Structures are given as C-alpha cells and as structure tokens.
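**Q** Right, I'll just put the structure down here and ask away after.
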2 protein chains.
Amino acid sequence: MSQTILRPPAMGAVRIDDVFWSPRMASVRTGTVGVFYERCREAGMIDHIDPDIKDKPRRQLAGIHGMSAQRFWDSDLGKLIEMAGHVLLLAPDPALEAKIDAIVDKFGRMQQPDGYLNSWFIYQEPGKRWTNLRDDHELYCAGHLIEGAIAYWRATGKRALLDIVCRYADLIAATFGTGPGQKRGYCGHPEIELALVELYHATGEKRYFELARYFIDERGRQPHYYDAEARARGADPAAWHFGSYEYCQAHKPVREQDKVVGHAVRAMYLYSGMADIAAETGDAALAAACARLWADLVGKRLYVTGGMGPSAANEGFTADYDLPNRTAYAETCAAVGLVFWASRMLGLAPDRRYGDLMELALYNGALSGLSRDGTLFFYDNPLESRGDHHRWKWHRCPCCPPNIGRLVASLGRYVYGAADDRVAVHLFVGGEARLAVAGTEVRITQRTRYPWEGSVSITIDPERPVEFELAVRMPGWSPNASVSLNGRKLLRGDMVIDGGYARLRRRWSKRDRVELDLPMAVERLRAHPDVAEDAGRVALKRGPLIYCLESVDNETPVHRLLLDARAPIAANYDAALLGGMVRLEAGASAESEAGWNGSLYRTGPSGQSPATLRAIPYFAWDNRAPGAMEVWVRSG
Amino acid sequence: MSQTILRPPAMGAVRIDDVFWSPRMASVRTGTVGVFYERCREAGMIDHIDPDIKDKPRRQLAGIHGMSAQRFWDSDLGKLIEMAGHVLLLAPDPALEAKIDAIVDKFGRMQQPDGYLNSWFIYQEPGKRWTNLRDDHELYCAGHLIEGAIAYWRATGKRALLDIVCRYADLIAATFGTGPGQKRGYCGHPEIELALVELYHATGEKRYFELARYFIDERGRQPHYYDAEARARGADPAAWHFGSYEYCQAHKPVREQDKVVGHAVRAMYLYSGMADIAAETGDAALAAACARLWADLVGKRLYVTGGMGPSAANEGFTADYDLPNRTAYAETCAAVGLVFWASRMLGLAPDRRYGDLMELALYNGALSGLSRDGTLFFYDNPLESRGDHHRWKWHRCPCCPPNIGRLVASLGRYVYGAADDRVAVHLFVGGEARLAVAGTEVRITQRTRYPWEGSVSITIDPERPVEFELAVRMPGWSPNASVSLNGRKLLRGDMVIDGGYARLRRRWSKRDRVELDLPMAVERLRAHPDVAEDAGRVALKRGPLIYCLESVDNETPVHRLLLDARAPIAANYDAALLGGMVRLEAGASAESEAGWNGSLYRTGPSGQSPATLRAIPYFAWDNRAPGAMEVWVRSG
C-alpha cells in the first residue's frame, strides 16, 4: 500500500537557513537548552532520578525557589533531552551531549527490573505506581521520555535511552489494555499517545501503535476508569478538585467529543494523538471527531494569536467566545500543542485550514513564549498588559521553555510533509530539505525573507527527473497570491487549487523553480460580536503576524489610542528593531485627559488629539523596556 | 465648648418610613439577621465561644462547608449582635433577643479574669495572645464586639456585654501604648479605632478615645512594630505573604499617607477612624491626610458604583485607573466602609463631596450585596458578568452579610447629622427624626418617593421656636435643584450654598416646611481616558442610582448593544419590577452575527440592527433569572 499520509521529514533532513528562524534556532541552541538544563539541575531534578542519592529526602531536593519535587519532573527531563537532541542536529556540542549522557545513565540505573521508570513512584511513593492515572502524570512522563529518547537517538545514534523507553513501553503495554488482568486505564494528561505513534515510526514496532490506539479508544468510556481507580484508592471520585472529567477530556469517548474543553495543553496533545491514529488507520469516525473539535476551536475558542485557554483556574477552556485579553492564560504550551495538532491534521491531506492555523500559532501565540535571546519565557500569553506582565527565568511548572525550545529547534519537521508521490510545502522558511519522494531523493531549497516579505522561491532538485505533486500552501490571508513556475506566472487554469494548496503535479527536473508572491496587506481583523472584550476593536495582522502596541514605541498610553477605520497603515522594515522586523505605523487619535481636572467620571466625553500608533509583531513584545501592551486596539 | 461636629443621631432617634428603604430594612429584620444567626450557628461559631464545650477540638467545630474555625469568628458574632441591636430598635423580637442573650452569656463566661476576650487565643492558641497583631485580627475582633455591645445596649438597655467589652478595652488600654512595659502595637485590620471612639461616646470615658488616638498615631511608625513582632515570633518579616505593609495601611505614619492602598476594607475602616479623631481633636494634619486620601480614591481608584478594590489577590487596591469590570472584586464590605468613612468626613462639616459619595456607595456598591429578601449576598460586586456570578447563601469569610445588614438596619444614623446649632440632611429618606438642637428637641419629618422621584418634603417641628442652621445637601448630579421654604422657592440670593449644602439659618417654628426639587435627568457617565476598560462606553445614572443591563430584560445579548450618544433614554416607574422601581429604556443598535458563518475573526465589521436597551438599578441585579450583566455599555 502506498503511503498517502503526509509525514514530517526525518529529523535532520531539513537544514534551516532563514532570515527569521535561524537566529531564533540559534537562541534555543545557545540560550534555552543551556539555561533549561542548569535550572533543572538547580531545582534538583537530576538528583531526583539519581539512584546514588540516598541520604536526604527527595521531597526536599529542590534547590531554588523553595520548590519541592513534582510528579511531572521526569517529563521536564524528557523534554530537555528532546530539545538537546534537536539542538545537536543543528550543531555538535560535546559538552551538552555529555550532560545528557549522564542523565540517560541515571535513568538507566533507576529503571526497575521489570522496566518501570518513574522517579516519583520509585523514590517518593514506592508501591503506588498506577494508582492515580488521573492526576499523577505517570504515563505523561513516559511519553516525554519516549519523545526525548527518539530525538536523542536520531541526533547521536546512541540507543541507550531508546532501549530504556522501549522496555518501559513494553511494560506499559503489558499493564494496560483490554486483555485479562490488564488495567483499562489511560493518562489524565495525554501525551503518551502521540509519543507511542512516534516510537512506532522510530522502531517499526506496530505494538507501540496499537498501545496508542488502545489509549485513545479507551478514553472516556463507562464505567469510568477514574471513578473505579479513585474508589480503589479509598477516594471519593466526586470530590475531585476539577469537578468534571472535561478537565482531562475524559468526559466521554473521544469519537463523541465535539467541544474543546478542559485543560488546553491536554486537549491539544490528545487531539494530536487522535489525528495521528486517524491518519494511520483511516478511521473516519476519529477523523470526523478531530474535524468537529477543530471547527469548535477555531470558530469559538481561539485567540487571534493562536493562543487558547483563557482561564488560569483550569489552565484551559471556559465558554464559547470567552476570550478576555488582559487575563488570558493562553499558555505557551497550548499554542505549541496547536502546532502539533495542526501538523498532524495535515497528515491527512494538505488543507489550508490546518496549515494557516499551524503558522498562526507558531509565529504568534507559541513564539511569544520565548525571549529574543532564548533565556526568558512566558508561561501565560495575555493579549493586553498594563505593564505588569514580564518574562521569567523559572516557573514552578517549567513546561513551557522546553516545549517552545523543542518546537523551534525541530522546526524543519513542520515546514514540509512528504507522502509517496506528494510533497507539501506548509511553511515558508529558507533552507534546504532532502526528502524521499516516489523513491527518489529530492532536494528542495527555499529562499525568502518571509514573514517580512511575501516572495518565496522554491527550487526543486530531484536526483533524477521524477513525477510527483508539489502542494504549496496559498495562505488564506493573501487572496491575491500568485504562483510562477520557472518564471511563468500560473493562471488559475494552469493549476489545481484544492484545500487552499496549489497542487502542481508534473515531472520535476533539476532546478525547477516555483515562486510564490504573497502580497502582505495589513489587515484589520474584527472579532465575532460575541467576543465582548474585542467589541469596537481591531487586531492588526500582516502576513502571518499579529501585531501589538507596546508602550516603548508609543508616546501615547496605548489604551488611549483610537485607529480610524480608514487610516492608512504603513509597514516598514526596521533593521534596528530587535534584529530586524517590520513595524506598522498609522495616524491615529488619542483620548485626552485635558479638562478632566482630577475627576474620574463625568458626563462629557474626552477630547481627542492626533497621535501616532506604532505596532510590532506580538511575538516580540516584552523584549525591551517593560510597559503596557495591547493587541486589540480601539477603532473609530 | 460648643459642639460643632456633626454627629449622627442617637440610635433609635430616626424612624424610617420610606418607599425605598422600609422594605429593605424589613428584609434585614425578617431575613438577614435570622439567616446570619443560623449560619453562624451551623458553622460552629457559637460553640466556639462556649466554655462548656470541651469534648472535641474546636478546630473541627465547623458544621458546614467543611469550614474550620477562623481567627476572625468573634468579629462575625460582634456584627451579628450589632445587627440584632439595630433590628431590635426597629421592632421587638423576643426570640432574637434570647438568642443574643445566650451569646452574650457565653462571652461573659469565656472572658478571662484579666478581661481578655478572644476565643481563638483562649481556646485554639492559648499563650499566643498579642503575638501577631499584623495577621490575627485580634483587636479587630475586639472592635466589632465593642460595636455590637453598644448597639445591643442602646436597643435593649442590657449592659452585660457593654460591661464585658469595657473590661476588655481596659485590658487593651493597659497593654498597648507608649508607656513603660506597654506594647507599641496596633491591629493589622483597623476597626478598633472607630469602635473605641463610639465606646467613648457611649460611656463618656475619654480613655477609650485616647486609646483610639494612640492606635491611629502609632500606625506605620519606624522601627516597625510588625517587623519586631515577627522577629519575636521567630519569623522573617520579609517573608510575609502580602509583601508590603501597604496591605494593611501600615507602610508609613497615617499623616503621611496620600494613596489609598492595600486591602480595601481595612483602608475604609482606618480612614473612618482617622476622620473620627480628626473631627474630635481638630487635628489639621490628620484632616488633611483624610482629604488627600479621599481625593486619591475618588479621582483614581473608585468604581462608578462606589465600589472599590479591583483585585481579589489583596482584596484591595492596585494601580491608578485600574478598574476592570468583569473581574472587579469590589467587596460589599468596602463600599459599606466607604459609607462609614464618608459619614465621618461629614462630621467635620456638611460637604457634598462626602455626602454625594456616601449616597452613591450606599445605593449602589453596598446595597448590591444584599438580595431583595435579605437572605442572599454578594461578596464581590463586579460591574460585568457573563452570567456566572450569583448571590450565595454562605461564604468562608462571612463578613459581608452582617456589614450590609447592620448598615441598612441603622440607616437613620446616616440620614442626618446634628451639631449644637446645626442640622444637616445628608440623605433623602422618608421618616421622622427627633434631634436635640440648640437645647431643643426638633422633630424632622421627610416625605419623598426618592430615589424614584426627586421631590423631597422636609417638615421642621421644634418643641418651641429656635434658631439653627438647616443644611440640606444639593446633590452634585442635579445642577438644577431648587429649594422652597414654606411654599416659596428660594432664589440663589435667598440662601447660602456652601460645600454643596443649602444652609438655611433662621428661627424655625412648628410646621416649617422645606421642599427640594431635584430633577433627575438620566446621565451618561464617561470614565477618565486612563480607565482602559471603560473606553468608548457610558454608564447610565439617574439620581443616585447607577443602572445596569441584565439579560433577563434584554432580547439582545447585552454585550452586543450599542447606545447612540444622542438617543433619548426613557425613565419609567414599573410597579411590577422587584417591588417597584424605575427602569430605563432606549433605542439602540446591536451587532449582528449575520454573515459570520462560524468564523471567529474576519476583516469586515459586523452589521448592526435596531434593538432596545433596557436597564435596571445596579443594586437590584441577580434577583431574577440568572444571566449576563453590564454597567458600562458601548456608546456610538
């Protein structure tokens, strides 16, 4: 059977050389991975998995911020290892590799004879393994270790951790399932599902795929596993802090789910796993559930930045159209998770609905989580700040730094998708990819100044002439986009545009060149009238980038600015701005405090005076002088 | 020396008979006081002070909601007793009186030989009294017991509790002060200061006044008492959860304070005590501090409802102009506290700055805390809700029900102020007062349908003709207000208007009649341009009442409504609406979801269709079908 699934390129198959992304990947390589390792070490995470440490209670290992050991710590090490693997594929770093080897060594010695591998239940609560899947992140930790093991093996060829996690996965497969004596459980925090699909691809062992499918299929069934599990612990299932199993998307079987609910990161990881299984199996009911959930998210519950999950209380979703800006939680990991989900939805077919959103989340709500130098982070990504929201060095739950780090460092995997006789170009990122298509190695080279400019040159260099379909995303935000082939502009009749991708099927030869021209008008986006916070406001967007107003660029307090609906907005590249980016500038008016004379309320409106509005890309905010920020600007 | 301070009428000197307030006082009498007693009892508060209960740990007394005993429980009993006292002045209630007598009996038997009286430190942490004034509410509890004792004594003539609290106050006076061996402490939660001033008035014992003055004078001095106190406990002063002593307004001496900061209720109670002392002593520096703090509050930190304190984190103030609507904390107790503070600022002189705000907080941000039947409560009073904010039966910290209850039940005390040769009419409330002015008993009778209508008739009946000044507030919201005397309209030249009060000095005889006509136009209030949340919006106000849009009255979701800046707004009395009130209605437009087709963002604005906007008084919301609510409506 031919492979129709669009799979990401193999790790290392894409070399990025890009005006926008190369510096950001460098900041992860020189900044994020090192500071994250150091902070994990300071926090006591590495000691926590060390079998040689026996002399003090592990609960008090934490070295910084008085943080005590956490059940999810192994996952942070898994993500550290994964990020390190991706980074090592960018450039050798023997010192980093030695650090990771030392961690792998500890995991190896910590592993129990039966393959079990979780530091919390080995050292903190021995004898309690598999007793609270709902809350304890046990299989979630396993998933991140699996992803880390695969990335580190791909980068270094070292199989030690891969062998360790395979033994662990085999224990998990023996423990969970529908067979006699097996537990019918699944993790409260999805993650292992998508990791097992990757492990299947890495090892070719179908049993890992079957285990992933079991976890997906079992989720949310009645009688409910979490009820039984709680009772077995002597706990009252009804006394759960989060109330409804919606929190972990286990309120009903996944094929019946139609609303994105609960903890946003859990949702994104679960839906990613569902999309993986749907793509691999052709399961129409599962694919339909994914499509329904997608429509619900993008139609009612997504910030314009691609962030999601407005509430800190459940780190997740609330009600339709409930998208407050200033208090938006919009966790970095959730937007990263949307990139994961979208990339897997693209496995089914090239479809702009998914490609556009993957790009939106990547360039805005996810990337905002990372400072310019890669060493400071946002956990929550509000769309408005009065000047009191800033990037931090460390967080009690340090999940976001390695999540955005591993995404950026492995970006090449999201740029393309390859099937047997099709290559899709999902993102516009300079560099070179080597893909196997129709049994032939094809080199694809992109040259572009995207996202600052909208022209993209794609050169196709197959080893030998070969027929396949090149599917190039035509972003929805560029209705006047055009495509040229070898210097000749293609008219609509010359190509098929399907699902928002230009589908170019031909026999490709060396140096064939496809050029895209994506005019980047500045858009004023409006929100649905039920998004109360955005009423009377516009968000500025150019290309894939959402813009924001930051105090440091504006003489007028940003909340006082009013943008006329017809005012022209200039977009100019400023080489001196944060390494070079396109700024927006427009004539505006500003509410004046003249005549208020110390009063707070009065019957007459404020006067207005002319002002200039200046905006920068949202992802780049809070990299300069601290101050207020606003995405949705009032519009006259 | 003649008394120039405008003091409230003696308890019981004003009998309210008012279209607006009588039903509300009845709801406190028949609803609030009974349910509050019952819930205190269920919670275990009464057992907690019972010396006979020895057989189970008091920490687990709580009978409802799994609530454990709280350090501040004695204060809730104090407020219950105070509310009961005021209610007993409205009508006899032997059953209620018996319940309070039983509580008083327990307090009497709980009191220690040296006079000490705090159930937490007698039963829960014996030996730890006076070791953490900053956090433990110890003197705060004493203050509320004092206020309760005074009200109960005034209502019933029973001195038992008054004698108990006097002994306790004597112990406190011996313990705290600047003398040798005395502690130079003061309470983290102000309250005892204003209570001691009342105790001085009740008993004539100047030493209670001096103790109040000591607490005011000592607050915030360096070296800081709370630092020393923490070190004495072996605690690190810098490790305090709330960080800065601004939280309890002890960051600097009170005469140097110029910003309203920290916990809002503490602030209001402190400033009330400061105003009391300033009025009694003529302390200009203290009066100036009060005036500065007042200007800061009303100029930068007050909701349009008279609520304040936007943040749940500190239950208090944040930054200038930070007045979010949906997440407003705006605790009922804080607005009640503003009524207390304003009434004390009026002690210095009749001044509309204070009278108008007292009325605003009373009719809006305070009264909103009480349901129509007096049995359900708001703790926080947001100015916007998506339908998820509702009145509750009970709260972990049940401070609000007795606070709004005691205020409403004792409303007469806020209507008038009396000095030796002056009577001020601060509020327009039907009923009859008997005041001693210039050595003569004067009966003052108000007749009005205020706040629904703006005409007020005030009849003056002195025992015998007597000269004094009648100062009648001319509300700032009614610029065309007029005053008539015995049927003759007074022109500006016929009377002095000073500080916004019409000052009528004459020899008053029986049946002299002053009539006010206060035209009540519907105002569209705008907020200062730095209140970002209110930009482009108006709040509707008629007379003293702020209005709001509630789902139950509007076919259109309230957040979609847009009120044209020039649209006429009709105000009509609706006898069927919640016992009768004036509704507002206006033609408006509504953003339409036509053409959105499931999308959340797009470049074109929404269409608009005609709609009707209907508003009711803010205080009355959430008394019918639950739904969304909005005070600040978008204005075209």
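**Q** Only one of these conditions is not met by A:Ala313: (1) among the hydrophobic types (A, V, I, L, M, F, W, C); (2) touching a residue at least 24 places away in the same chain (Cβ under 8 Å); (3) under 30 Å from B:Ser311 (Cα atoms). Which number is it?
**A** Checking A:Ala313 against (1) among the hydrophobic types (A, V, I, L, M, F, W, C); (2) touching a residue at least 24 places away in the same chain (Cβ under 8 Å); (3) under 30 Å from B:Ser311 (Cα atoms), the one that fails is (2).
**Q** Same structure, new question: Out of the residues in segment B:309-329 that are away from chain A (no Cβ under 11 Å) and among the hydrophobic types (A, V, I, L, M, F, W, C), which is surrounded by the fewest Cβ atoms within 10 Å (Cβ to Cβ)?
**A** Only one residue fits best here, namely B:Ala313.
**Q** Determine which single condition A:Pro350 fails, assuming it passes every other condition in (1) buried (at least 22 other Cβ atoms within 10 Å of the Cβ); (2) within 14 Å of another protein chain (Cβ to nearest Cβ); (3) not polar (S, T, N, Q).
**A** A:Pro350 satisfies all of (1) buried (at least 22 other Cβ atoms within 10 Å of the Cβ); (2) within 14 Å of another protein chain (Cβ to nearest Cβ); (3) not polar (S, T, N, Q) except (2).
**Q** Restricting to segment B:572-585, name every residue that is open to solvent by 40 Å² or more (accessible area, probe 1.4 Å) and touching a residue at least 12 places away in the same chain (Cβ under 8 Å).
**A** B:Asn572, B:Tyr573, B:Gly579, B:Arg583, B:Glu585
**Q** Among the residues of segment B:198-220, write down those that are in contact with a Phe, Trp or Tyr (Cβ under 6 Å, 6 or more places away or on another chain), of a type outside the set (Ser, Thr, Tyr) and not in a loop (DSSP other than H, G, I, E, B). Walk me through it before giving the result.
**A** Taking segment B:198-220 and keeping what is in contact with a Phe, Trp or Tyr (Cβ under 6 Å, 6 or more places away or on another chain), we get B:199-200, B:208-209, B:215, B:218-219.
This time we only want the ones that are of a type outside the set (Ser, Thr, Tyr), so: B:199, B:209, B:215, B:218-219.
Selection gives B:Leu199, B:Phe209, B:Phe215, B:Glu218.
**Q** Now for a separate question. Here is a check on your reading of the model: is B:Gly405 closer than 17 Å to B:Gly31 by Cα and in a loop (DSSP other than H, G, I, E, B)? Steps first, please.
**A** Details: closer than 17 Å to B:Gly31 by Cα: yes; in a loop (DSSP other than H, G, I, E, B): no.
It is false that B:Gly405 is closer than 17 Å to B:Gly31 by Cα and in a loop (DSSP other than H, G, I, E, B).
**Q** Can you go through A:Glu523, A:Glu515 and tell me which one is more than 21 Å from A:Pro610 (Cα to Cα), at pLDDT 95 or above, open to solvent by 30 Å² or more (accessible area, probe 1.4 Å) and within 9 Å of another protein chain (Cβ to nearest Cβ)?
**A** Numbers: A:Glu515 fails: within 9 Å of another protein chain (Cβ to nearest Cβ).
Within the list A:Glu523, A:Glu515, the selection yields A:Glu523.
**Q** Here is a further query. Starting from residues that are small (Gly, Ala, Ser) and more than 26 Å from A:His390 (Cβ to Cβ), keep the ones in segment A:528-558 and report whichever is farthest from the other protein chains (Cβ to nearest Cβ).
**A** To start, the set of residues in segment A:528-558 that are small (Gly, Ala, Ser) comprises A:532, A:535-536, A:539, A:543, A:551.
Imposing the further condition that a residue be more than 26 Å from A:His390 (Cβ to Cβ) reduces the set to A:532, A:535-536, A:543.
On the way: A:Ala532: 4, A:Ala535: 6, A:Gly536: 5, A:Gly543: 14 Å.
Only one residue tops the list, namely A:Gly543.
**Q** Sticking with this structure for a sec: Output the residues belonging to segment B:559-599 that are within 14 Å of chain A (Cβ to nearest Cβ) and touching a helix residue (DSSP H, G or I) at 6+ places or on another chain (Cβ under 6 Å).
**A** Narrowing segment B:559-599 to residues within 14 Å of chain A (Cβ to nearest Cβ): B:559-566, B:569, B:588-599.
Of everything in segment B:559-599, those that are within 14 Å of chain A (Cβ to nearest Cβ) and touching a helix residue (DSSP H, G or I) at 6+ places or on another chain (Cβ under 6 Å) turn out to be B:His559, B:Ala590, B:Glu591, B:Gly598.
**Q** Could you list all residues from segment B:600-630 that are acidic (Asp, Glu) and within 14 Å of another protein chain (Cβ to nearest Cβ)?
**A** As a first pass, look at segment B:600-630 and keep what is acidic (Asp, Glu): B:622, B:630.
The one that is acidic (Asp, Glu) and within 14 Å of another protein chain (Cβ to nearest Cβ): B:Glu630.
**Q** Which pairs turn up if I take residues in segment A:537-566 that are crowded, with 22+ Cβ neighbours inside 10 Å and look for partners that are of a type in the set (D, E, K, R) and in a helix (DSSP H, G or I) with beta carbon separation below 6 Å, at least 6 apart in sequence or on another chain?
**A** Going by the 6 Å Cβ cut-off, the qualifying pairs are A:Pro544/A:Glu359.
**Q** I've got another one for you. Do you know which residues across segment B:504-524 are over 20 Å from B:Ile460 (Cα atoms) and either among the β-branched types (Val, Ile, Thr) or part of a loop (DSSP other than H, G, I, E, B) (or both)?
**A** Step one: list which residues in segment B:504-524 are over 20 Å from B:Ile460 (Cα atoms), which gives B:519-524.
Hits for segment B:504-524 are B:Pro519, B:Met520, B:Ala521, B:Val522.
**Q** Which condition number in (1) part of a loop (DSSP other than H, G, I, E, B); (2) within 26 Å of B:Gly500 (Cβ to Cβ); (3) of a type in the set (Asp, Glu) is the one that B:Asp276 fails?
**A** (1)
**Q** Among the listed residues A:Arg59, A:Arg29, identify the single one that is modelled with pLDDT of 95 or more, over 17 Å from A:Leu145 (Cα atoms) and open to solvent by 30 Å² or more (accessible area, probe 1.4 Å). Break it down into steps so the answer makes sense when it comes.
**A** Working: A:Arg59 fails: modelled with pLDDT of 95 or more.
The conditions single out A:Arg29.
**Q** Take the conditions within 14 Å of chain B (Cβ to nearest Cβ) and open to solvent by less than 20 Å² (accessible area, probe 1.4 Å) and apply them to A:Ala502. Does it pass?
**A** Taking the combined requirement at face value, the residue does not satisfy it.
One line per residue, one yes/no per condition, for (1) surrounded by fewer than 21 Cβ atoms within 10 Å (Cβ to Cβ); (2) in the same structural domain as A:Ala142 (by TED's automatic domain parsing); (3) without any contact (Cβ under 8 Å) to a residue 24 or more places away in the chain:
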| residue | (1), (2), (3) |
| --- | --- |
| A:Ala230 | yes, no, no |
| A:Gly234 | yes, no, yes |
| A:Tyr245 | no, no, no |
| A:His263 | no, no, no |
| A:Met268 | no, no, no |
| A:Leu297 | no, no, no |
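**Q** Restricting to segment A:448-479, count the residues that are part of a loop (DSSP other than H, G, I, E, B), over 13 Å from A:Val429 (Cα atoms) and of a type outside the set (S, T, N, Q).
**A** So in segment A:448-479, the residues part of a loop (DSSP other than H, G, I, E, B) come out as A:449-454, A:463-465, A:474-479.
From the residues that got through so far, the ones that are over 13 Å from A:Val429 (Cα atoms) too are A:463-465, A:474-479.
Filter again for of a type outside the set (S, T, N, Q), leaving A:463-465, A:474-477, A:479.
Qualifying residue count, segment A:448-479: 8.
**Q** Condition check: buried (at least 24 other Cβ atoms within 10 Å of the Cβ) and within 14 Å of chain A (Cβ to nearest Cβ). Does B:Tyr303 satisfy that?
**A** Numbers: buried (at least 24 other Cβ atoms within 10 Å of the Cβ): yes; within 14 Å of chain A (Cβ to nearest Cβ): yes.
So B:Tyr303 passes the test.
**Q** Would you check which residues across segment B:606-636 are of a type in the set (A, V, I, L, M) and open to solvent by less than 40 Å² (accessible area, probe 1.4 Å) and list them? Give the steps one after another, and end with the answer.
**A** Kept after step one, since they are of a type in the set (A, V, I, L, M), are these residues of segment B:606-636: B:611, B:613, B:615-616, B:620, B:625, B:628-629, B:631, B:633.
Once the filter is applied, which keeps residues that are of a type in the set (A, V, I, L, M) and open to solvent by less than 40 Å² (accessible area, probe 1.4 Å), segment B:606-636 yields B:Ala611, B:Leu613, B:Ala615, B:Ile616, B:Ala620, B:Ala628, B:Met629, B:Val631, B:Val633.
Conditions (1) of a type in the set (Asp, Glu); (2) in a helix (DSSP H, G or I); (3) over 20 Å from B:Gly78 (Cβ atoms), marked per residue:
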| residue | (1), (2), (3) |
| --- | --- |
| B:Gly12 | no, no, no |
| B:Arg15 | no, no, yes |
| B:Val19 | no, no, yes |
| B:Pro23 | no, yes, yes |
| B:Arg29 | no, yes, no |
| B:Val33 | no, yes, no |
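Quick grid of which residues meet (1) touching a residue at least 60 places away in the same chain (Cβ under 8 Å); (2) surrounded by 16 or more Cβ atoms within 10 Å (Cβ to Cβ):
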| position | (1), (2) |
| --- | --- |
| B:Arg464 | no, no |
| B:Glu469 | no, yes |
| B:Pro475 | yes, yes |
| B:Arg488 | no, no |
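**Q** Let me ask something additional. Only one residue in B:Gly417, B:Gly374 is closer than 29 Å to B:Leu323 by Cα and either assigned to a loop (DSSP other than H, G, I, E, B) or in contact with a helix residue (DSSP H, G or I) (Cβ under 7 Å, 6 or more places away or on another chain) (or both). Which one? Please lay out each step first, then the result.
**A** Working: B:Gly417 fails: closer than 29 Å to B:Leu323 by Cα.
Going through B:Gly417, B:Gly374 in turn, just one is closer than 29 Å to B:Leu323 by Cα and either assigned to a loop (DSSP other than H, G, I, E, B) or in contact with a helix residue (DSSP H, G or I) (Cβ under 7 Å, 6 or more places away or on another chain) (or both): B:Gly374.
**Q** Scan segment A:586-599 residue by residue and report those that are surrounded by 22 or more Cβ atoms within 10 Å (Cβ to Cβ) and under 30 Å from B:Trp477 (Cβ atoms).
**A** Here is the first cut: in segment A:586-599, the ones surrounded by 22 or more Cβ atoms within 10 Å (Cβ to Cβ) are A:588, A:590-591.
Within segment A:586-599, A:Ala590, A:Glu591 meet the criteria.
The values are calculated or read from the model by the stated rules, or taken from the named source; none is laboratory data. Note that the coordinates shown come from a computational prediction; the quantities given were computed from them, not determined experimentally. Neighbour counts run over all protein chains shown; Cβ positions are idealised from the backbone, glycine included. Areas reflect the complete protein model, heavy atoms only, side chains present, ligands, DNA and RNA absent. Shrake-Rupley method; radii C 1.70, N 1.55, O 1.52, S 1.80 Å.
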